[in-house]
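Notes follow the structure.
The values are calculated or read from the model by the stated rules, or taken from the named source; none is laboratory data. Source: prediction; values computed, not measured. Methodologically, a virtual Cβ is constructed for each residue, glycine included, from the backbone with ideal geometry; neighbour enumeration extends over all protein chains shown.
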Amino acid sequence: MAAAPEGNADGSLEDAPGCRLYLITPPVLPKGFADDLARALDAGDVACLQLRLKDAPEDAVKRAVEALMPVAHARDVAFLLNDNAALAVKLGCDGAHLGQSDGDHEAARKLLGERTLGITCHDSRHLAMRAGEMGADYVAFGAFFPTATKETQHVAELDVLEWWSEIFEIPCCAIGGITAQNCAPLVKAGADFLCVVGAVWNHPEGPAAGVRAMNAAIAA
């Protein structure tokens, strides 16, 4: 696989060059979020959207998928579900992103088939290599900066991105407190995706401005 995947109209991923934006939904979806999402995705390049609703009941996740996945697909943005590969398949998502404690990764790989599998690897080269060996489509490193989205238990350094991008073809994502102001070193170090939450959804001028600011910073 080449450096970074690109969302297609059918939600699949194909190779595309350069670092790209990877959006993660806010922990709690505000009223009218589908409209906010549409405006954000219309504002600039986004590779994929991850629905991340920690501890939400399945019916709530199902409603969110039904509301948001068509918005993403209409804009050629892949739609991934956090934590649960089986539910991702059941709901027709394009793939799943799994943490280290989110079940059996090898079983998830088989279950997902051609769908995308991303795996959180924290700051660990060993975990990343193991993820690659079992067929992950991308690995995620972080947190690179302080973040209010979740409690930071692992802090990653730039050299893990440099090491991975120099040796492996599987794309790597950087996550954790990333903003338009601090992302330049991550891009230079070889990150294929920048995973963001607050930089877009909490942008003072709105999500669309957040996407524009992130894409401008990546391009610069």
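For the reader, a short list of remarks on this structure follows.
Here's the yes/no breakdown for (1) aromatic (F, W, Y); (2) buried (at least 18 other Cβ atoms within 10 Å of the Cβ):
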position: Y22; (1), (2): yes, yes
position: A43; (1), (2): no, yes
position: R52; (1), (2): no, yes
position: H73; (1), (2): no, yes
position: N84; (1), (2): no, yes
position: G95; (1), (2): no, yes
position: D104; (1), (2): no, no
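- Filtered residue count, segment 112-122, keeping only those that are more than 14 Å from L80 (Cβ to Cβ) and crowded, with 16+ Cβ neighbours inside 10 Å: 2
- Members of segment 161-220 found to be β-branched (V, I, T), in contact with a helix residue (DSSP H, G or I) (Cβ under 9 Å, 6 or more places away or on another chain) and closer than 21 Å to P27 by Cβ, listed by number: I178, T179, V196, V200, V211
- Exactly one residue among D76, D83 is more than 21 Å from L21 (Cβ to Cβ) and in contact (Cβ under 8 Å) with a residue 12 or more places away in the chain, and that residue is D83.
- Options G92, G118: the member that is more than 25 Å from S165 (Cα to Cα) and not in a helix (DSSP H, G or I): G92
- Pair list, Cβ < 8 Å and 6+ apart or interchain, from segment 203-219 residues that are within 18 Å of F193 (Cβ to Cβ) to residues that are surrounded by fewer than 21 Cβ atoms within 10 Å (Cβ to Cβ) and at pLDDT below 95: I218/G18
- Helices (runs of 4 or more DSSP H) enclosed by segment 156-220 - at least 1 residues per element that are of a type in the set (S, T, N, Q) and within 20 Å of G118 (Cα to Cα): 158-167
- Set G142, G190: member being within 21 Å of N82 (Cα to Cα), surrounded by 14 or more Cβ atoms within 10 Å (Cβ to Cβ) and of a type in the set (G, A, S): G142
- Of the residues contained in segment 46-53, one or more are found to be within 24 Å of A180 (Cα to Cα), in contact (Cβ under 8 Å) with a residue 60 or more places away in the chain, among the polar types (S, T, N, Q) and in contact with a Phe, Trp or Tyr (Cβ under 8 Å, 6 or more places away or on another chain).
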